Amino acid sequence: MGDSLRLYWRYVLVSIRGQMQYRASFLMLSAAMFFGSSLEFLAIWVMFDRFGALQGWSLAEAALLYGLVNVAFALAEGAARGFDEFSPLVRTGQFDRLLLRPRSTALQVAGREVQMVRIGRLLQGLVILVWAATALGVAWTPGRILFCLATVAGGACLFAGLFVLQATFCFWSTESLEVFNTVTYGGVETAQYPFSLYRAEFRRFFTYVIPLATVTYYPALAILDKPDPLGSSRLLQHLAPLLGVAFLLVALQVWRFGERRYRSTGS
Amino acid sequence: MRPYAAILSARIRTLLQYRAAALAGLVTQLFWGAVRVMVFTAFYRSSTATPPMSLPDTISYLWLIQALLLLLPFRVDPELQAMMRDGSIAYELARPTDLYWLWYARAIAQRFAPALLRAVPLLLIAWAFLGLQLPASPGAALAFAISLGGALLLSSALSTLMVISMLWTISGDGFSRAFSIVIMFLSGSFVPLPLFPEWSQPLLQALPFRGVMDTPFRLYVGHLPPEEVLLGLAHQLLWTGLFVLVGRALLARGVTRLVVQGG
């Protein structure tokens with residue numbers, strides 16, 4: 001395990017060094033990402049400026065949701081990008097090479113490319129998160145800060161799990177399924193707002209099938225000490241981010257299952 | 001005129017082949033639209049003040065955004081981008097046609113065909129099940145159609161400008177990405193422009209970007225009376241003309257300093 005982590009770290013360093021060869025391009029893309037995400041948040045500000053509040057949530061409270069989900073997604077996208085770009089490996093048969101190496105394929109795929117330009121989105125999410133933290137007037141006890149970090153970690157695991165599942169489907173379909181974008185990018189969009197406003201079937205899907213609400217909405221309620229119109233208990237809200245980790249572990253099992261059924265395209 | 005019309009129709013026919021991709025995109029856009037409709041409905045229900053546009057109108061506006069998102073100058077023509085990378089752009093220069101109008105015709109096709117493929121099924125589904133209203137009146141429908149034509153011309157001029165900018169920044173993905181997001185924001189694709197703060201309205205009205213989304217959509221829902229289409233069209237064409245002039249000037253300069261690598 002420790003050995004694998006060291007190897008992953010090596011992959012990360014090599015990838016970063018490679019991308020830093022194109023420094024100007026890296027800086028411009030990161031800046032563009034930071035700027036683009038900022039405009040998305042400005043759109044949320046426009047809505048709050050016009051309507052005042054959203055089902056009892058203020059802008060600062062909504063900003064906490066925004067920060068939590070965007071930081072988590074940026075971390076997952078940076079670390080598990082290899083899964084997002086997996087279909088060419090299967091189509092060209094390059095995946096066979098990975099199978100020959102004496103390390104787990106999930107580790108090798110994850111480490112193929114660590115996208116540094118995601119740092120633009122990550123920084124922007126952090127800025128919003130810090131702003132929300134100061135604007136909220138919540139007492140930031142060490143316990144609360146720790147819980148906040150755990151929530152982000154749970155969210156990052158969930159999104160990483162989704163990328164793994166998306167890649168796993170390539171073992172059967174060769175092509176990457178675009179429908180997954182609705183739960184990855186679309187999931188980020190969805191989780192930026194309190195889940196209580198969505199229709200029941202929609203909410204259930206994002207709680208029980210893909211536990212997105214459990215790594216954003218429920219822990220945010222606990223952090224903000226807000227009552228839940230859906231009636232969850234504080235204890236559940238505190239345990240909820242663990243489901244994100246569980247989701248990743250299940251996704252990795254599905255990956256192993258898919259890998260055993262992999263047949264090379266032979267090209 | 002003939003060669004450009006031929007290029008336009010050939011490109012449109014090529015791009016209409018990508019039906020599977022359009023179907024996959026349709027599911028994504030429907031999901032996205034459903035989320036946005038729920039969020040906006042919740043915002044409307046949370047406020048006691050009367051917003052400048054009614055909720056049913058806003059819902060129709062949101063579905064029109066989802067349907068016609070591809071009309072935006074969102075990404076640079078990938079074939080032209082590849083040509084600039086590998087140097088086969090030299091062939092484009094050798095053609096006995098005007099390079100600007102050649103690229104402009106391509107840009108129109110690049111905007112029109114994918115938008116058409118997505119808009120028709122999406123609007124039908126949104127109208128049947130998801131709260132999209134019909135145009136406010138027959139006059140509004142006509143005004144909407146005319147205004148969409150203006151939007152297509154304006155959007156294509158903007159995207160041609162983005163293609164030309166690549167003569168300077170081959171790896172200028174960062175610039176064109178940031179520029180497209182600005183256009184999305186200021187055209188009303190994130191939040192309908194009537195909902196922006198009152199103090200920003202004069203600025204939003206003067207800027208060119210409302211012409212690619214907001215103007216036709218407001219005519220559709222009846223937020224603008226149908227006769228406003230003429231003013232809207234004048235605004236769209238004025239800015240289109242300006243972007244064409246700037247684009248041609250930049251292209252003329254870009255071509256003289258162009259160095260094609262390799263052979």
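The values are calculated or read from the model by the stated rules, or taken from the named source; none is laboratory data. Every value quoted in this text rests on a predicted model; they were computed, and no experiment measured them. Every residue, glycine as well, gets a Cβ built from its backbone with ideal geometry; the counts of neighbours run over all protein chains shown.
Sort out for me the helices (runs of 4 or more DSSP H) sitting completely within segment A:132-239 that have 1 or more residues that are of a type in the set (Ser, Thr, Tyr) and within 14 Å of chain B (Cβ to nearest Cβ).
Working: elements: A:142-173, A:180-191, A:200-204, A:217-224, A:234-239.
Per the criteria, A:142-173, A:180-191, A:217-224.
Let's see how each residue does on (1) charged (D, E, K, R); (2) farther than 28 Å from B:LEU123 by Cβ:
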position: B:ALA145; (1), (2): no, no
position: B:GLY150; (1), (2): no, no
position: B:ALA157; (1), (2): no, no
position: B:VAL163; (1), (2): no, yes
position: B:MET184; (1), (2): no, no
position: B:GLY188; (1), (2): no, no
position: B:GLU198; (1), (2): yes, yes
position: B:LEU233; (1), (2): no, no
position: B:LEU238; (1), (2): no, yes
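Is it the case, given these coordinates, that B:ASP77 is more than 14 Å from every other protein chain (Cβ to nearest Cβ), more than 20 Å from B:PHE196 (Cβ to Cβ), among the acidic types (Asp, Glu) and surrounded by 16 or more Cβ atoms within 10 Å (Cβ to Cβ)? Don't jump to the end; show me each part of the working.
Working: more than 14 Å from every other protein chain (Cβ to nearest Cβ): yes; more than 20 Å from B:PHE196 (Cβ to Cβ): yes; among the acidic types (Asp, Glu): yes; surrounded by 16 or more Cβ atoms within 10 Å (Cβ to Cβ): yes.
Criteria met by B:ASP77.
Against the list (1) under 17 Å from the mean Cα position of the chain (by Cα); (2) in a helix (DSSP H, G or I); (3) modelled with pLDDT under 85; (4) of a type outside the set (Gly, Ala, Ser), the condition A:GLN124 fails is (3).
Residues in segment B:26-49 that are more than 7 Å from chain A (Cβ to nearest Cβ) and under 20 Å from the mean Cα position of the chain (by Cα): B:LEU26, B:GLN29, B:LEU30, B:GLY33, B:ARG36. Quick check: is even one residue across segment A:240-247 over 16 Å from the mean Cα position of the chain (by Cα) and either among the hydrophobic types (A, V, I, L, M, F, W, C) or in a helix (DSSP H, G or I) (or both)? No, segment A:240-247 contains no residue that is over 16 Å from the mean Cα position of the chain (by Cα) and either among the hydrophobic types (A, V, I, L, M, F, W, C) or in a helix (DSSP H, G or I) (or both).
B:PHE31 meets each of the listed conditions (1) part of a helix (DSSP H, G or I); (2) closer than 21 Å to B:PRO197 by Cα apart from (2). Residues that are over 14 Å from B:ARG11 (Cβ atoms), under 28 Å from the mean Cα position of the chain (by Cα) and of a type in the set (A, V, I, L, M, F, W, C) within segment B:85-104 comprise B:ILE89, B:LEU93, B:LEU99, listed in sequence order. Checked against (1) without any contact (Cβ under 8 Å) to a residue 12 or more places away in the chain; (2) crowded, with 17+ Cβ neighbours inside 10 Å; (3) among the β-branched types (Val, Ile, Thr), B:VAL212 meets all criteria but (1).
Looking at this structure, is B:PRO52 away from every other protein chain (no Cβ under 13 Å) and either among the hydroxyl-bearing types (Ser, Thr, Tyr) or not in a helix (DSSP H, G or I) (or both)? No. Filtering segment A:253-267 to residues that are surrounded by fewer than 17 Cβ atoms within 10 Å (Cβ to Cβ) and of a type in the set (A, V, I, L, M, F, W, C) leaves A:VAL254, A:PHE257.
So, B:TYR61, is that one at pLDDT 90 or above, aromatic (Phe, Trp, Tyr) and surrounded by fewer than 20 Cβ atoms within 10 Å (Cβ to Cβ) or not? Considered against the rule, which asks whether it is at pLDDT 90 or above, aromatic (Phe, Trp, Tyr) and surrounded by fewer than 20 Cβ atoms within 10 Å (Cβ to Cβ), B:TYR61 comes out as no.
Against the list (1) farther than 19 Å from A:ARG81 by Cα; (2) surrounded by 14 or more Cβ atoms within 10 Å (Cβ to Cβ); (3) aromatic (Phe, Trp, Tyr); (4) in contact (Cβ under 8 Å) with a residue 60 or more places away in the chain, the condition A:TRP172 fails is (2).
Kindly indicate which of B:PHE217, B:PHE190 is in a helix (DSSP H, G or I), under 15 Å from the mean Cα position of the chain (by Cα) and more than 16 Å from B:SER156 (Cα to Cα).
B:PHE217
Can you spot a residue in segment B:156-175 that is surrounded by fewer than 16 Cβ atoms within 10 Å (Cβ to Cβ), of a type outside the set (Phe, Trp, Tyr) and within 23 Å of B:TRP239 (Cα to Cα)? Looking for residues that are surrounded by fewer than 16 Cβ atoms within 10 Å (Cβ to Cβ), of a type outside the set (Phe, Trp, Tyr) and within 23 Å of B:TRP239 (Cα to Cα), one finds none in segment B:156-175, hence no.
For segment A:50-116, which helices (runs of 4 or more DSSP H) that fit wholly inside it have 2 or more residues that are touching a Ser or Thr at 6+ places or on another chain (Cβ under 7 Å) and within 14 Å of chain B (Cβ to nearest Cβ)? Working first, answer last.
Details: elements: A:59-79, A:81-84, A:87-91, A:95-100, A:105-110.
Filter on segment A:50-116 gives A:59-79.
Can you tell me which residue is farthest from the other protein chains (Cβ to nearest Cβ) among those in segment B:14-25 that are surrounded by fewer than 18 Cβ atoms within 10 Å (Cβ to Cβ) and in contact with an Asp or Glu (Cβ under 9 Å, 6 or more places away or on another chain)? For segment B:14-25, the residue satisfying everything is B:ALA21.
Across segment A:132-161, which residue is surrounded by the most Cβ atoms within 10 Å (Cβ to Cβ) among those that are free of Cβ contacts under 8 Å to residues at least 12 places away in the same chain, within 17 Å of A:ALA72 (Cα to Cα) and more than 18 Å from the chain's Cα centre (by Cα)?
Of the residues in segment A:132-161, the ones free of Cβ contacts under 8 Å to residues at least 12 places away in the same chain are A:134, A:137, A:139-143, A:145-146, A:149.
Filter once more, keeping what is within 17 Å of A:ALA72 (Cα to Cα): A:145-146, A:149.
Now restrict to residues that are more than 18 Å from the chain's Cα centre (by Cα): A:145-146.
Numbers: A:ILE145: 12, A:LEU146: 10.
That would be A:ILE145.
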